[in-house]
Amino acid sequence: MSVSTSTSISQSHSQFASGSKSVAAPPPGVTTTTKTKVRHVPWTQHTLRQLKLVLPGAAITYYLGTLNDFWKIIQGNGGSWARLAGFGASGLGFMTVTLFLYVLLMPWITSEEPDYQTWRESGILSSVIPVLTGSIVVGWLLAVSTLGQWSALGYVKGTIGVSAFYALTFGLLGLIPVPKVSRKRRL
């Protein structure tokens, strides 16, 4: 058995195992479009899903005193480096919320409804979403490091507290309804 035969057998086996079908790629220079059906979830079901993030996030953040400890760091209780790290984490958190709101409210701002499922092909979304992702990851890491190093929470409780606060924040942001644009143009 040659190498190419074993490769094609393993590829067909993995396609069979995953349930996918082999589809020939279009020739170079030819673009194809596929319409994906958007499933609309009733607002009550959506709200309940978001509350699964909001309620535990709020309870854990309150129980651990995450915001109080973070506020003490911002006021300078851990020294100048702690304060700088606290402001950095706060700035990245503000940037995350701002970019998330921009992506959410983009239909009203640009009067065009973006196709979120193919965001890599969109001019605006392909630049905003990677920055949003980076601000989430780096902001979370900086907040965990700040609380772990300069608060009484330590690293384990700091990680839990920051994660709970992020869950609370994203749960609240998820409750904002996505605006619809009257004319259907795609970015």
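The values are calculated or read from the model by the stated rules, or taken from the named source; none is laboratory data. Note that the structure is predicted; figures quoted are calculated from it, not measured. With ideal geometry, Cβ positions are generated from the backbone for all residues, glycine too; neighbour counts draw on all protein chains shown. Only protein heavy atoms, including side chains, enter the accessible area calculation; ligands, DNA and RNA are left aside. Shrake-Rupley method; radii C 1.70, N 1.55, O 1.52, S 1.80 Å.
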With every protein chain left in place, what is the accessible area per residue of the stretch 43-174 in square angstrom, probe 1.4 Å? 57
Could you compute how fast the stretch 46-135 diffuses translationally, taking Rh as the Kirkwood radius over C-alpha pairs and applying Stokes-Einstein at 20 °C with viscosity 1.002 mPa s? Give it in µm² per second. 136
How much length, in nm to one decimal, is gained on full extension between Glu112 and Trp81, taken as 0.36 nm per residue of separation minus their Cα-Cα distance? 6.8 nm
With a 1.4 Å probe and every protein chain kept in, tell me what percent of the accessible surface of the stretch 43-174 is carbon plus sulfur. 70
Sticking with the crude label model, points 7 Å out along Cα→Cβ, report the distance from Ala152 to Ala59 in nm, one decimal please. 2.4
Taking N as the number of residues in the stretch 36-86, the ratio of its alpha carbon radius of gyration to 2.2 N^0.38 Å works out to 1.86
